[in-house]
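**Q** First the structure, then my questions, so here it is.
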Amino acid sequence: MDTLNRLGELLLNSIPTVICLLVVWIAYRNIVQRKLQQVLAERHSRTEGAIQEAQAQIAKAESRTSEYEQRLREARSQIYKSQEARRRHIMEKRSAALAEARQQADEMVKRAQASLERDAQEARSTLQHQAETLAEQIIHLILKPMAVTGGR
């Protein structure tokens, strides 16, 4: 029985310690754990908010990048169209200049042919005239001695 008495006495002496432990545990739950849970929840919400904001900024940057790339493609297309139009214009000018040069060359050839034909005609008429003159001189030279000798 002595053991039971001691055990009973030990249990009675431990009640204030148990009560004290319960008070400390309740105080911990009310003071520390709740504040800690609030701080952790706030930190979590800030972290999640920062992550969501970062994702929104990334999406916005991707949107701007795609818009920039689209504008860049449009600008390149416009440049290519402008270059093609300029090239076409230059080719048209070149073709017109070539056609004009051909026309001038044809006119020069025609004038040269006409001039050559006139010169040839003049040469023919001059040669014809000279041939007639020479024929008359030959006839006079041949017939004059015959007329002097009496037609032998």
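**Q** Along the Cα→Cβ direction, 7 angstrom out, place labels at Glu117 and Val23. What is the inter-label distance in nm?
**A** 14.0 nm
**Q** Divide by every residue of the chain the summed helix terms, -39500 (n - 2.57) for each DSSP H run of at least 4, and state the resulting mean residue ellipticity at 222 nm, rounded to the nearest 500 deg cm²/dmol.
**A** -35500 deg cm²/dmol
**Q** Taking Lys110 as the anchor, which aspartates and glutamates have their alpha carbon closer than 16 Å to its alpha carbon, excluding any fewer than eight residues away along the same chain?
**A** Cα-Cα hits under 16 Å: Glu100, Asp119.
**Q** While we're looking at this one, here's another question. Where does helix 2-27 land angle-wise versus the long Cα axis of the chain, in degrees 0 to 90, nearest 10?
**A** The helix 2-27 is inclined about 40 degrees to the chain.
**Q** Here is a follow-up. Which entry in (i) 2, 6, 4, 4, 4, 4, 4, 4, 4, 4, 4, 3, 3, 3, 3, 3, 3, 3, 3, 3, 2, 2, 2, 2, 2, 2, 2, 2, 2, 2, 1, 1, 1, 1, 1, 1, 1, 1, 1, 0, 0, 0; (ii) 2, 9, 14, 16, 18, 13, 10, 7, 5, 3, 2, 1, 0, 0; (iii) 2, 10, 16, 20, 18, 14, 9, 6, 4, 1, 0 is this structure's computed P(r) over Cα pairs in 5 Å bins from 0, in percent?
**A** The listed entry that was calculated here is (i).
**Q** Can you list the lysines whose alpha carbon is less than 20 Å from that of Lys35, not counting same-chain residues fewer than 8 positions off?
**A** Answer for Lys35, where 20 Å is the Cα cut-off: none of the lysines qualify.
A short reminder: the numbers here are calculations on the coordinates, not readings from a lab. Keep in mind it's a predicted model, so treat the numbers as computed, not measured. Virtual Cβ from ideal backbone geometry, glycine too; neighbours counted across all protein chains shown.
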